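The values are calculated or read from the model by the stated rules, or taken from the named source; none is laboratory data. None of these values were measured; they are calculated from a predicted model. Here the Cβ positions follow ideal geometry from the backbone for every residue, glycine too, while neighbour counts run over all protein chains shown.
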Amino acid sequence: MDNKRGARKKEYNKESSRYPGKVNEDETSGPNREEADKRKVELKCKQCRRKVQRDEKSFECFRCGLWFHLVCENIEEDLYKQLKGIDNFSWYCKRCNPKLGGKDPKNFMAELVENKKKLKEDNTRMKKELEGVNEGNERAREALRRLEKLKEKVFLQGNINVCDEVESKIVTDLSNIKLELEDVQKKIKTLNKKWEREEEMDEIVLETNVPETNAPETNAPETDVPETNVPETKKVSGMLLPEINEREERDKRNNNLVIHNIDEPKDMKGKKLYDHDLAVCIDIFVNEIGELLDEGEIAGIARLGKKGGKGESQNQRPRCLLVKMKNPEMKWRILKSAKNLKTTRKNEYKRVFIQPDLTKREREKDRESREKLREKKELGEEGWYIKRGHLERRN
């Protein structure tokens, strides 16, 4: 037995004398790395005695300088990759490790994991302590707020008599203002009902914004409330009532569209005319301007103005078609795509155009803008156009 041990020790010393025992810390990079690779090719694994190839994953003992395959030393490949990424890490084989007190790779990684766990616990503990400090600060701020309220309460109690007098006066003034407001609201409601009844008695034909290229004037008359019938209360209220009425009119027309120059069959009326106009609207919206919708998204349609009598010309311009959509989003989508009508191939749609339903004030403002645009074109000024009722010039 002693002879065998002596032989192994002699062989070990022979291997150690042939190859340097210690490896520099910088040998894994630069010129030292190339030298290590050369020695790695010439060496054999101490365990299996096979040659250690250049591309094989292996370790060199920091003490004896011998190479070992991962499999021979029972080192997992994941652990090998992690150890390679550690700076200044020295590895010892099983023979040298107990003698020098070197760290086994598995034990070393276990220590790293344990240290990481401790750091995480310390971080969690510090975070909880910080939350406790924040909670204490919040309690202090709450106590300060209560103290301020208490000071305010003491101050108010010292002047309670003055406060009672002021409160009594405020309550009286508020009661008077409330009565006046109720009276004004009643008058406004009465006026609105009266104007609505007058509007229902007349059929209002809306004049819409007509493009400059084909700007026909609608033949339907406008009907407005005569100025002589305006109650005195409206004059007293100043600009309040007109603005209220304008806002209500815009809200009522928020979902409406007006389509011009759709042919109106002379021999149709009532339900037949309604079905005809509805089918034409869907055909225009879907097939001509490319908006997907069905009958359910159209709340209603109606021709504006009175239908021409028997004695009138057969070439009379068709009445405008009012289309009420279910929501304003669909209305604006249709208006945005209405420009596609310019490329239609159907003769009956060549002169058709779509516009929003405008109030009387908006129509007057739009008419003024179109007049100004016409004057500028006559003067030879280019680049002017109408945007949202205003005259603007392109840069």
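What strands (runs of 3 or more DSSP E) lie completely within segment 317-395 and have 2 or more residues being under 23 Å from Glu249 (Cβ atoms), out of contact with any Leu (no Cβ under 7 Å at 6 or more places or on another chain) and in the same structural domain as Leu293 (by TED's automatic domain parsing)?
Filter on segment 317-395 gives 321-325.
Does Arg319 fit the bill of being surrounded by fewer than 16 Cβ atoms within 10 Å (Cβ to Cβ) and either of a type in the set (Asp, Glu) or within 27 Å of Ala299 (Cβ to Cβ) (or both)? Spelling it out, it is not the case that Arg319 is surrounded by fewer than 16 Cβ atoms within 10 Å (Cβ to Cβ) and either of a type in the set (Asp, Glu) or within 27 Å of Ala299 (Cβ to Cβ) (or both). Count of segment 322-359 residues, restricted to those that are within 25 Å of the chain's Cα centre (by Cα), surrounded by 18 or more Cβ atoms within 10 Å (Cβ to Cβ) and either polar (S, T, N, Q) or closer than 26 Å to Asn245 by Cβ (or both), is 1.
Given Val230, Val236, Val286, which one is within 32 Å of the chain's Cα centre (by Cα) and either modelled with pLDDT under 90 or closer than 30 Å to Ile386 by Cβ (or both)? The unique qualifying residue is Val286. If you scan segment 247-269, which residues turn out to be under 20 Å from Gln316 (Cβ atoms) and either out of contact with any His (no Cβ under 8 Å at 6 or more places or on another chain) or part of a strand (DSSP E or B) (or both)? Result: Val258, Ile259, His260, Asn261, Ile262, Asp263, Glu264, Lys266, Asp267, Lys269.
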